[in-house]
């Protein structure tokens, strides 16, 4: 993942991002978001970490071609900075993101409570959950795994077998290894991982599963609000739920918590989700 975040500068406020060796049929949305965040952060001076981003996925990225990220500097104030990042491939826009940066100041504080879940060390690994499903979940088996994952509830494919439905999904995540101290690295790592399981609760609400049901899904837009400093090489709980699905789109919201229960980020994602039930 660190190599993915090491963008090549090819011009003024213009950067080139590359794909990993292990890829799917199109560019992973978390990769686009993380690389765009790195590009934006490189143009911001001073100690102003990112506090919000809103991204729109316009075309599926070509995994065989690099991605050009162009940054527009919309504002550089005393405390705030605002950037727009547009990603291009072959002259076409594939992704667009607005990001806001602010210096860290103290003020009012409150947050929602972290759900009660088992500690990550007591839970099976992601690979343990895949055992017996390798043929039907080949896309997960072959995927790049820069994050460690520990489901606090059964994943979609296990729930499919038990018939249980859940209106939420809770999974522990952390980088698979130590990260540098730079705050932007941890923000980018969280942005990358925020696209991994957020739509699961849309499926579990309906008793459906990746790989076992005929489902076509694609992210439409993705927003993150960063609330306080954190490290993403320690475990963070990603607690998500889906308040609504309508018009072939599903909306999911998520919260990232530190191990001691501090809310560090909030995520909202909308995706196109089409289910094709078997013919009877």
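Details
- With the largest listed first and rounded to whole Å, the semi-axes of the equivalent ellipsoid of the chain from the Cα gyration tensor are 30, 23, 17.
- With the cut-off at under 13 Å, measuring from each backbone N in the stretch 1-35 to a point 7 Å along the Cα-to-Cβ line of residue 88 picks out 10-16.
- Ranked list, fewest to most other Cβ atoms within 10 Å of each Cβ, for 10, 215: 10, 215
- Peptide packing: for 14-25, 184-195, the average count of neighbouring Cβ atoms within 10 Å per residue gives the ranking 184-195, 14-25, highest mean first.
- Taking the chain and dividing mean pair separation by its residue count, relative contact order in percent (alpha carbons under 8 Å, at least six apart): 18 percent
- Here r is the Cβ-Cβ distance between residue 74 and residue 228 and R0 is 30 Å; the resulting FRET efficiency, rounded to 0.05, is 0.75.
- For the chain, the longest principal axis of the Cα atoms and the long axis of helix 29-41 meet at an angle of about 20 degrees.
- Overall form of the stretch 109-199 per C-alpha gyration tensor (a/c, 1.5; a/b vs b/c): oblate
- Normalised contact order of the stretch 123-280, rounded percent, pairs of Cα under 8 Å and 6 or more residues apart: 23 percent
- Counting other Cβ atoms within 10 Å as a rough exposure proxy, the listed residues 130, 58 run 58, 130 from fewest neighbours to most.
- Distance between the stretch 160-178 and the stretch 27-70 - C-alpha centres, whole angstrom: 25 Å
- Shown for 134, 68: other C-beta atoms within 10 Å of each C-beta, ranked fewest to most, produce the order 134, 68.
- Cα-based shape type of the stretch 1-104, given that a ≥ b ≥ c are square roots of the gyration tensor eigenvalues and the cut on a/c is 1.5: prolate
- Computed FRET value (nearest 0.05) for residue 64 with residue 141, which takes r as the C-beta separation and R₀ as 35 Å: 0.95
- Taking Cα atoms only, the orientation of helix 183-193 departs from the longest principal axis of the chain by about 30 degrees.
- Highest mean packing comes first when the peptides 223-230, 174-181, 35-42 are listed by Cβ atoms within 10 Å, giving 35-42, 223-230, 174-181.
- In terms of its C-alpha gyration tensor, the stretch 123-280 comes out prolate, because a/c is 1.5 or above and the ratio a/b outweighs b/c.
- Estimated purely from DSSP H runs of n ≥ 4, each contributing -39500 (n - 2.57), the mean residue ellipticity at 222 nm for the chain is -4500 deg cm²/dmol once divided by its residues.
The numbers here are math on the coordinates, done by the rules we state, and not lab data. Because the structure is predicted, anything quoted here is derived from the model rather than measured. Methodologically, a virtual Cβ is constructed for each residue, glycine included, from the backbone with ideal geometry; neighbour enumeration extends over all protein chains shown.
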